[in-house]
Structures are given as structure tokens and as C-alpha cells.
1. Using only the alpha-carbon atoms, how far is helix 237-247 inclined from the longest principal axis of the chain? Give it as 0 to 90 degrees, nearest 10.
2. Express the Stokes-Einstein translational diffusion coefficient of the range 228-289 in µm² s⁻¹, to the nearest whole number, given a Kirkwood radius over alpha-carbon pairs, 4 °C and a viscosity of 1.567 mPa s.
3. How big, in percent, is the set of alpha carbon pairs in the range 158-306 lying more than 23 Å apart?
4. Can you list which of the GluC sites (Glu not before Pro) found in the range 273-306 are DSSP loop residues with at most 16 other C-beta atoms within 10 Å?
5. Using the 2.2 N^0.38 Å rule of thumb for compact globular proteins, work out how the chain stacks up: its C-alpha Rg over that value, please.
6. Are there any chymotrypsin sites (Phe, Trp or Tyr not before Pro) in the range 37-140 that are in a DSSP loop and have at most 14 other Cβ atoms within 10 Å? List them by number.
7. Dipole of the range 1-116 (Lys/Arg Cβ +1, Asp/Glu Cβ -1, origin at the Cα centre): which of VAL96, ASN3, LEU34 lies farthest to the positive side?
8. Using only alpha carbon pairs under 8 Å that are at least six residues apart, calculate the relative contact order of the chain and give it in whole percent.
Amino acid sequence: MANEKIIQCKNLRKSFNETVALNNITFDVYKGELFGLVGPDGAGKTTLMKILCGVESKDEGELIIFDLNSDLHRKEINRRVGYLSQKFSLYGDLTVDENIEFFARIHGVRNFKDRRDELLEFTRLKKFRKRLVDHLSGGMKQKTALACALIHSPELLILDEPTNGVDPVSRRDFWTILAELLKQGITIVISTPYLDETERCNRIAMVNKGRVIALDNPADLKKIITKNVYEIICSSVRKSYQLIQNAFPEIEVQMFGDNINIISEDDVEIFTRFLKMNDVEVIEVKQKIPSIENVFIHLLREESLI
């Protein structure tokens, strides 16, 4: 990853009437980097992405992309940017081929056929090129949208929750494609509601209520949690969560699917013994490295935001 800054975002603010969507957002994105934005719904991720690609205007702050002021050089910037919006934006009554051709013409790409064939091969959509987009699966629709965003060979790719609602296999395929794009030197900014996906990013900005609450690489973000993290798989997760919270108010407990995570310096047997005394079957206990999800929930708790 080079030291050249592709995006410089300083004190960005945006409000919709009385609602503050972005509150002094500041970060840089470097050339060749995979930069992730993660946060819950309503955190401000989509608003930020729209401002980055010029779909939405900012109220205050400075946005420099490719060393160009976004207020003064938006057309020149947009020629070098590919954007995949959160809302599916292709034409369902057109084929894959026709959609890519449409976006090629929008971007002024005249001799697009070789590039289209290359992208269809790259996204493994070649055998579906004559199929109407309405008849594609969710994963194939997103790959078609990605091909459309890449038809003009952008240097910067902005992806707003591209895997949201996509099946796990298609999600994995999509990330494999992104890894290949990074090898080609494309800089990628991606937002996602899936915290596990951000493990693949070079750096992550954690966003909540319009603010960046943490920004670093995944390994260093995990160091924020200095206590032991215990994963307890048990028979009644919600009951166990409430029992621990009520009996040990000073202990941080997080609930995930079929298990609870306890963050504590104490021996885990204190908690497993307590659960068993309260008729909870403890199936498995293990100590684990903190996950990005652990860190995010921990930071929200620390700031009393939830």
C-alpha cells in the first residue's frame, strides 16, 4: 500500500433537517487500500458514500479526491470513480450485456466490447450475458452491477453494502473478486453491516450516529480489548445473558446467536458455575481472540451509546 492519499476527508458534516447524519467525519484513504466503513443501520455510512461519489452534497468540511477539490472538480473526479449503490440500480428488463453497454455509453466508453468480455470472464458471468437481469440471483445481480461500475476502468471503487442480503457463497465470491481488483491497483472503499467482512480490510472506520468512533487496522483494533474474552455456548442464551448481566453488573457480556461472550479478567469458572447453579446447561467454553464485532460492541458500551 502506497503513501499517496486518494481521499482526504476533513470535518465532514451533513444534516437532514434536525437529524445530524455526519458529525465531523475525518479520515484518509491511501492508494491501493481496501478501506472499510462499518456500523449499524442509520450510522451514516450511505450518506458518506453518496457524498464521496457526488450524489449527495456536504454541509461543511473538505473533501479532496485525487488531489482535487470535490466542490470544484467533481466531473473530473467522477470519470475516475466507480460506484455501486446500496439500492440495486440496474435495469431488470435488459440483459447483462445490455446493462454493461448502457453504463459504458454513460461513461463515454466507445470501444467497450473487449472490456465487457474481460469483465464478464472476470466475474464469471459470461454464460449469463444474454439473460435478463430480473432473472438473475441476488449474487449475480451484484456481480453485474460491479461489472457496470468497472466498465470505464476506474481508479477508485466505492461500494455501498454490496453484499447486503446476498447468500454466503455469493458473498465469498464477491470478496474473491475484490481481492483480484486490489492486485490490479484499484483503491476500494466499501461499507458493510457485516463486521466479519471487515477482517479483510487494510483499515476500518467504525461509524455510529454519524461519528467515527475508531479507525485502525483490524489487528490493532482488536488490541482495544485488553481483558480475556470467553465464548460460552449454552442451552438458553437470552436467559444466560440476563443472568450474568444482573448478577455481575460490572462485567461486559455480549450475545451472539447460540453463545454469549464474557469480557473479564476473572476466571471463566466463576460464570459457568453460576450458570449451572441457575439451571443453564453449559455446552462448551473457550477463550478466544477478540473479534471486530466484540470491539465494536465494546466501544459502543464504553461511550454509553447503547
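Quick note: the coordinates plus some simple rules give every number you see, no bench work behind them. Bear in mind the structure is a predicted one, so any value in this text is a computation, not a measurement. Reconstructed Cβ throughout: ideal geometry from the backbone, glycine too, with neighbour counts over all protein chains shown.
1. Tilt of helix 237-247: around 60 degrees.
2. For the chosen part, D equals 116 µm²/s.
3. Summing the P(r) of the range 158-306 above 23 Å gives 46 percent of all pairs.
4. Taking the range 273-306 and a limit of 16 other Cβ atoms within 10 Å, the loop GluC sites (Glu not before Pro) found are GLU281, GLU303.
5. The chain yields a ratio of 1.14.
6. Within the range 37-140, the qualifying chymotrypsin sites (Phe, Trp or Tyr not before Pro) (loop, at most 14 other Cβ atoms within 10 Å) are PHE88, TYR91.
7. Value: VAL96.
8. Relative CO of the chain lands at 19 percent.
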